[in-house]
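What follows draws every value from the coordinates through simple rules; no lab data is involved. Since we're looking at a predicted model, the values are computed, not measured. No Cβ is skipped: glycine too gets one built from the backbone with ideal geometry, and neighbour counts run over all protein chains shown.
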Amino acid sequence: MFFSLNKKLIYTITVFFLFTSLIFIYAFYILNANKIREEQKSAIARNQQYIELLYQNISLRKELSDIKKEHPVITLKPEIGNLVQPQDLNEKQKQISLERKRADETLKNYDDRYQALAESFKIVLISAVLFFFALLALWILIRIWVLKPIDKLSKVSRLVLAGNYASRLQLPPDQLFSDEFDNLMHTFNSMLDNIENGIREIRKTESFLQSLIDSIPDGIRVLDEQGNIIIANKEYYRQINSNENCIGRKCYESSQNRKEQCPYSLFTCPLRALREKKASSIKFIQQFAAYPNRHLAINAAPLNIQDAQGKTLNYIVESIRDLSEDIRFSHQQKLSSLGFLATSVAHEMKNHLGSIRMITEGLLNKYFQNRSDEDEEKKYLTLIDKQLVECINVPERLLKMAQFSQEEQSKFSLQSGIHDVISLLDYEAKRNGISISFQTPQKEASLLGNEADFKMMIMNLMQNALKAMPDGGSLAVRLSVGKRIKIEIEDTGQGIPADKLKRIFEPFYSQGHSSQHQGTGLGLAIVKSIVEKLNGTIEVKSKPGLGTCFTIKFPLK
C-alpha cells in the first residue's frame, strides 16, 4: 500500500509534537501541583498562627480588662517609670504586627521568586531534553526514510557510472507500506533493466556488424575527420601485423608507424584527396610499414551521417585489398593457360611430329642404312630426325613449366631451368634479331623450392627484356655462385626512367611502350612475389637508352 513520504513526515511531526506537549504539560502540572500544595500548607500555617495570635490578643485584652477592674489606679515606683496606657499599647502592637507582616511578605516574595526561578529552570531543562530527544528521533526517522535511500541511490549510480550495469537497488521483501522513495527505487531498477537490455542489444548488434565486416576478405577501416580509426576488421589487423587494439589511434600511426601525419609527397592521403577533389571515391596503391614489399590497393569513399541533433558527421570508409592474392591468382591463371597450351601442343604436335619422325627413321633404315655417313642425303635426313627430336622436347618442356604445386618443394637445378626457358624463347629472340647468351659456372647450382615458379620468374624477366628491344639487341643471362647464388638478366633495350623505376614492381603498373607490348602490369609483381617466396632479393638498375639489368640473389641454404 502506498503511503506518502509527505504524510509520513507530517504525521510523525504531529505525533512527536503531541507527545512532547503532553510530557511538557504533565511536567508542568507536577511542578505547579507541588507549588500549590506548598502554598496551601503555608497559608494554613499562617492562618493557624494568625488565629493563635488573635486568641492570645483576646486573652491579653481580657486579662487587662480584669486588671483594670480590680485595680483602677496603679501606682508605680519611681524606678519603674510611667505606665504605658492601653491605647499606646494597642498602637505599638499594630506597628509591630504591620512590620512583621511586611517582613513575612518580603520573605514570602523572595521565596516565591526563588521557587519560580528554580521551577522555570526545571521547565526549560526538561523542555530542552524533550526537544533534543524529539530532534534525535526525527533525525533517525529522516535518516531511515530519506538519507539511507538516497545513499543507496548514490552508490548504485556510481557503480552504473563505472560501467557495472548489473547493479540493482536492494528492496525490502513483502513491504506493507511504500513511499515515494520506494517507488523511485522500483523505477530506478526498471530503468537500469531497460538500459542493460538496450546495451545488450547494442552490443549484440555491434558484435554482428563486427563479425560481418570481419568476414569480408578485404581490410576495412573507417576514419573520422581527424584521421582517428573508428572501425577496423580482422583482415586490417593482419595487414598491419598487429593484435593491439587500434580503435581511436591515428591512421598514420597504425599503418605507417609514424608519429605525425604522412607527407603528401610520399603518401596518398584519402582525407586530403577526398576533401580537395570532392570525389565520390578514390583508388590508390600503398604499402604499410609491417609489410613494405606488399602492395595494397585502397579504395576510399566518404560516408556522411546525421546524428540525433541533425549535425552531419563525416567519415571515410577504406577497403584495403592485398594484391598478393591477385598476383598469385594471376600466376595460377598463367600457369593454367600454359598447362592448357602445353597439353594442346603435346597432343597436336607430338603426334604429328612423332609420325614424321617415324617416317624419317623408316627412310633412314630402308634406304640409307648401308650408305656412308658422309652421304649428303643421309646427313639431311639425320639432321631432320634430330630436329624432330628437339621439336618433340618443346611440348615436354611446356608441360614441365605448367606443373604447379604451392606446397610441393624439391631441389632443382638452376642451369637446367634457365636452359629450358631459353629454349622456349630462343625462336622469338632470333625472329626479333636478339641474341641470347648464358654464362654459367662449372659447379652445379641448385635451389630448394618449386621449379615451375622459378621458370616462370625467369620467363617473365626474359620476356620483358625481349619486349624492351623491338629493334634487336643482346640479352645476357649470368649465373654465379659465391656467398650467395646470383642471377643477372641484362638487356640492351630502351631502359626505364628513374622516376618510374621504383614503381615497376607495383601490381597493374605497366611500362609497355606500345599497345602491342602493353601487358597486364602483373609480370614483375609476380616475379617479386616468387623471389620473396624463395627467400631471395631482387634489384634493378636501368639507364634510358642503355638497357636494364635485374639482379636476383638467393641464399645458398
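Other residues within the sphere of radius under 13 Å centred on the Cβ of E361, judged by their own Cβ, net out at +3 (K and R +1, D and E -1). Site pair A128 and L212 shows an inter-label distance of 7.6 nm when each label is modelled 7 Å from Cα along Cα→Cβ. If you take all other residues with their beta carbon under 14 Å from the beta carbon of L184, and give Lys and Arg +1 and Asp and Glu -1, the sum is -1.
Enumerate by residue number the chymotrypsin sites (Phe, Trp or Tyr not before Pro) in region 128-168 meeting two conditions: DSSP loop (anything except H, G, I, E, B), and at most 16 other Cβ atoms within 10 Å of the site's Cβ.
On the way: sites: F131, F132, F133, W139, W145, Y165; in loops: Y165.
Answer in residue order: Y165.
Note on T14 and K500: their simple-model spin labels are 10.1 nm apart, each label 7 Å out from Cα toward Cβ. Rounded to whole numbers, the Karplus 3J(HN,Hα) couplings from phi for region 531-542 are 4, 5, 5, 8, 6, x, 10, 9, 10, 9, 10, 8 Hz, using 6.51 cos²θ - 1.76 cosθ + 1.60 with θ = phi - 60°, and x at Gly and Pro. With the simple spin-label model, which puts each label point 7 Å out from Cα in the Cβ direction, the A273 to A137 separation comes to 8.3 nm. The packing ranking, built from the mean of other Cβ atoms within 10 Å per residue, places the peptides 354-364, 486-496 in the order 486-496, 354-364, highest first.
Local charge sum around H295 (other residues, Cβ-Cβ under 11 Å, Lys/Arg +1, Asp/Glu -1)? Result for the local shell: +1.
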